[in-house]
4 protein chains.
Amino acid sequence: MTSTPNPQRRSEKSHRATLAAAMDLCSEHGYGNVTVEAIAARAGVSKKTIYRWWPTKGAVVLEAMVGIAGDATQFPDTGDITADLCTQMTAVLDHVMTGPRAAVYAGIIAETQHDAALARDLRTQLLAPRIAAARDRLLVARAHGQLAADADVDMAVDLLYGPLYYRLLLHLGTYSHDRLRSHIERVLSAFAPSAA
Amino acid sequence: MTSTPNPQRRSEKSHRATLAAAMDLCSEHGYGNVTVEAIAARAGVSKKTIYRWWPTKGAVVLEAMVGIAGDATQFPDTGDITADLCTQMTAVLDHVMTGPRAAVYAGIIAETQHDAALARDLRTQLLAPRIAAARDRLLVARAHGQLAADADVDMAVDLLYGPLYYRLLLHLGTYSHDRLRSHIERVLSAFAPSAA
Amino acid sequence: MTSTPNPQRRSEKSHRATLAAAMDLCSEHGYGNVTVEAIAARAGVSKKTIYRWWPTKGAVVLEAMVGIAGDATQFPDTGDITADLCTQMTAVLDHVMTGPRAAVYAGIIAETQHDAALARDLRTQLLAPRIAAARDRLLVARAHGQLAADADVDMAVDLLYGPLYYRLLLHLGTYSHDRLRSHIERVLSAFAPSAA
Amino acid sequence: MTSTPNPQRRSEKSHRATLAAAMDLCSEHGYGNVTVEAIAARAGVSKKTIYRWWPTKGAVVLEAMVGIAGDATQFPDTGDITADLCTQMTAVLDHVMTGPRAAVYAGIIAETQHDAALARDLRTQLLAPRIAAARDRLLVARAHGQLAADADVDMAVDLLYGPLYYRLLLHLGTYSHDRLRSHIERVLSAFAPSAA
DNA sequence: AAGTAAGCGAGACGGTACGTCTTGTCTTTAA
DNA sequence: TTAAAGACAAGACGTACCGTCTCGCTTACTT
């Protein structure tokens, strides 16, 4: 168990104000230019309160990010694997890889490069569930014969999402919706069932 | 052009000592835990001297990284596109995405998320030449009929390298050499010439 | 009048525990290193309870000090002014200017330098009664012809007690019992009746 | 030797600005309401610079106080011990026990009650030299037959200065110049040579 | 005896200052 | 004239207490 104080007595108001302030400030000034002091001031919250509930700025912003990305990036299952991937990945693109939030998300990922605990939280809270969901959806598609029976779904996931993060984090430009669709179709073609 | 002083009078000894100290310290303590002060102290160089020749810590480490990665990741052309990609990408994997240097490289990429100038330098000095080389090699392969005549080589580059960075920067584990080979073969298969 | 709550419902147990904890902690760690939080924790009392009954830490410690010093420093009247001064001043020396209590007492006096209310309470509750008692005893002595008829008893009080506090608060060392007796005799000699 | 950095490289400008800011702020707001942050801000100096050269706020203010009191409270020797004591003690009264500086001086003395190093510095830099000077002056007077041959000059010093500090620190009111003269005369009378 | 108002322990809160740290600039010293 | 050494202004860090506050619980007055 952790040394976190009693969460039942936590002020929900301060909690929400902190997350909102963190997202606002990051969007306005960029993740790297935001300080815990500034978040506290903007939220009308004391620094102590922030440090009571989160270990670092990164953890605050990650929680805010999870809240935002959470609902928006669920995986649908309409039976059409191509359409479903387009739906979900377009949502990812639009919600966290475009506009001011792209920089925030990239900032958090940057932070994980020297904060192992944050890296773990990013993985468990944000990435792993979505990777698992993508994998499951692909397994369903494979079971339905939409992919080759021996298709390596882990590799498919890497090929689908890898380029998005690669282009985001190396500043190579984001895919347009059309380009994203071509990308998805190309990857799926690599795992298509052999012509019967 | 910048206000950099006359480079002819630059002390090559201090230059080299700085780069070496930067790489050593980053390897030992991780990019994020290294300070300019520490680099100066280790190199036996004054902070002023570092700031005279580089704008930030990131620029120092990037130059060191370019020096190390430079030679190792050239693109061969043996005529066999699969083999050549394996050769080059394995070198990339081994030189900058494995061991202590992985953290250093990831650290620099992290820094570029809030340092636009460094992002530019990373792209122009490190990434762009290698992307161009990969692209050229694939064009040659396509011209030789090893890829489909209408293969989109830009997309191929994204699919080849994207997953490597994705796994590095999101802490999802690095490919083994075998896995890398499978990965390359799978991508190339997506661009294979249609059976005639 | 203040907004102090109903004293009839006050928990005598908490009251005593607080005063005891305050004195203990001050003796152990020195007045300046004791916090209200620590007093509350040691006493098993909530901070709120302390602030309900006292305005500041100084007020708590002052009350504890008054309780301790109260009985011990009464003024006797045996008819021998020198002996009575020795008796009372030795008691003062031993009870509040020696050992761990010296630091506590000095700590309270220090606090009064930036807490006017505490300064007032120190004067009215601790000092004024004893100064008045000394003055009265000297007036009796003067009436009995043991001091000059025109002896300035206020000045005598200053000369008697001033050096004790001076040495305490400026860290110049405390008088021994013998030295104290010499001191008293010397002061009284300055106010002796002129030889007839 | 201490761990203080090289004093030759010290910025005299920052040094002076810090001392001046400390005295100004203490005079304006009272010793206890002044923070190191405020001193730094007023002086246009970084906190780091203050902590580089002084261990605590008290040490800064003490140095400022020593500078102010230093010249003003020298001991004259006109041959008339009463007049010389009046001169010096009146200067003390006027310079450090009256007006805003009284509170500053009392504040430092208060601080010494929980800062042993500051207590030592107060004694060695401010008190001891003046006590020694007073003692020396009294010894000269005794040698000249203005005091009894066996007069205890240490006790005389205690009796002369004790009441001044006692009244300052216990908030009992400061002596007027006239009252101070009476006080001095009364003390000297206690050590007068016996009538021949 | 039941109802109710208060004091109580606990501890989260907004706030302020702490003393430390690192950045990037500027000054001094010695070669 | 250059570079080492390192002091400097600036400002964020994470911590410690302050004095206030809100919670349930207990206790003891009131009706």
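The values are calculated or read from the model by the stated rules, or taken from the named source; none is laboratory data. If you're wondering where the values come from, they're calculated on a predicted model, not measured in any experiment. FYI the Cβ positions are ideal-geometry reconstructions off the backbone, even for glycines, and counts take in every protein chain you see. The area values use the complete protein model at the heavy-atom level, side chains included, leaving out ligands, DNA and RNA. Shrake-Rupley method; radii C 1.70, N 1.55, O 1.52, S 1.80 Å.
Which whole number gives the average count of other chain Cβ atoms within 10 Å of the Cβ atoms across peptide C:108-118?
Neighbouring Cβ atoms belonging to other protein chains average 5 per residue here.
Note on the protein assembly as shown: with neighbouring protein chains present and a 1.4 Å probe, carbon and sulfur make up 52 percent of its accessible heavy-atom surface.
Taking label points 7 Å from Cα along the Cα-to-Cβ direction, C:Lys48 and D:Thr98 give a separation of 5.2 nm.
For D:Arg101, neighbours were defined as the other residues whose beta-carbon sits under 13 Å from its Cβ, and their charges (Lys and Arg +1, Asp and Glu -1) total -3. If you bin all the Cα-Cα distances of the range B:54-120 at 5 Å, starting from zero, the percentages per bin are 4, 16, 22, 19, 16, 12, 7, 3, 1. Taking label points 7 Å from Cα along the Cα-to-Cβ direction, B:Ser182 and C:Asp150 give a separation of 11.5 nm. Computed with a 1.4 Å probe on the full set of protein chains, the accessible area for A:Trp53 sits at about 50 Å².
Position C:Arg9: other-copy label points at 2.2, 6.5, 8.3 nm, ordered by increasing distance, label point 7 Å along Cα→C-beta.
Starting from 0.36 nm per residue, how many nanometres of slack lie between D:Ala128 and D:Gln74 once their C-alpha separation is accounted for?
18.2 nm
Taking every protein chain into account, the accessible area of the protein assembly as shown amounts to 46 square angstrom per residue (probe 1.4 Å). With its label point defined 7 Å out from Cα along the Cα-to-Cβ axis, A:Ala128 lies at 4.0, 6.5, 7.0 nm from the matching points of the other copies, in increasing order. Between D:Ala41 and D:Thr90, the simple label model (points 7 Å from Cα in the Cβ direction) yields a spacing of 4.2 nm.
List the lysines whose Cα lies under 20 Å from the Cα of D:Lys13, skipping any in the same chain that are fewer than 8 positions away. Straight-line reach from D:Lys13, under 20 Å: D:Lys47, D:Lys48, D:Lys57. Computed over the range A:100-153, the P(r) curve from all C-alpha pair distances, binned at 5 Å from the origin, holds 5, 18, 17, 16, 13, 11, 11, 9, 1 percent per bin. Treating the Cα atoms of the protein assembly as shown as identical point scatterers in vacuum, please give the log10 of the normalised Debye intensity I(q)/I(0) at q = 0.08, 0.09 Å⁻¹, two decimals. Results for the protein assembly as shown at q = 0.08, 0.09 Å⁻¹ read -0.84, -0.94.
Taking R0 as 35 Å, what's the FRET efficiency between A:Ser194 and A:Asn33 from their Cβ-Cβ distance, rounded to 0.05? Between A:Ser194 and A:Asn33 the formula returns 0.10. The sum of -39500 (n - 2.57) across all DSSP H runs of n ≥ 4, divided by the residue count of chain A, sets its helix-only mean residue ellipticity at 222 nm to -21000 deg cm²/dmol. Given +1 at the Cβ of Lys and Arg, -1 at the Cβ of Asp and Glu and no other charges, the dipole of chain D around its Cα centre is 800 debye to the nearest 20. Buried surface between chains D and C: roughly 3300 Å² of accessible area, summed over both sides, computed with a 1.4 Å probe on protein heavy atoms only. Residue of chain D with the Cβ closest to the rotation axis carrying D onto A, and that distance rounded to whole Å: D:Glu37, 7. Taking Cβ atoms as reference points and 12 Å as the exclusive limit, the residues near B:Cys26 contribute a net charge of 0, counting Lys and Arg as +1 and Asp and Glu as -1.
Per residue of peptide B:120-132, the mean number of Cβ atoms on other chains within 10 Å of the residue Cβ is 1.
Go through C:Ala64, B:Leu180, D:Thr82 and say which Cα lies farthest out towards the positive end of the charge dipole of the protein assembly as shown; charges sit on Cβ, +1 for Lys and Arg, -1 for Asp and Glu. It is D:Thr82, whose Cα lies furthest towards the positive end. Working from Cα pairs under 8 Å separated by at least six residues, relative contact order for chain D is 19 percent.
Starting from the label point of B:Asn33 at 7 Å along Cα→Cβ, the same points in the other copies fall at 3.1, 3.2, 4.6 nm, in ascending order.
Dimensions of the range C:11-56 along the principal axes, based on C-alpha atoms and rounded to the nearest Å, stand at 27, 18, 14, largest first. Remark: mean inter-chain Cβ contacts per residue of B:167-174 equal 6, using a 10 Å Cβ-Cβ cutoff to other protein chain atoms.
Mean projected area of the convex hull spanned by the Cα atoms of the range B:63-190, taken over all viewing directions: 7.7 nm².
Dipole magnitude for the range D:12-60: computed about the Cα centre from +1 point charges on Lys and Arg Cβ and -1 point charges on Asp and Glu Cβ, it is near 220 debye. In the range D:1-84, the ratio of gyration radius to Kirkwood radius, Rg to Rh, stands at 1.12 when only Cα atoms are counted.
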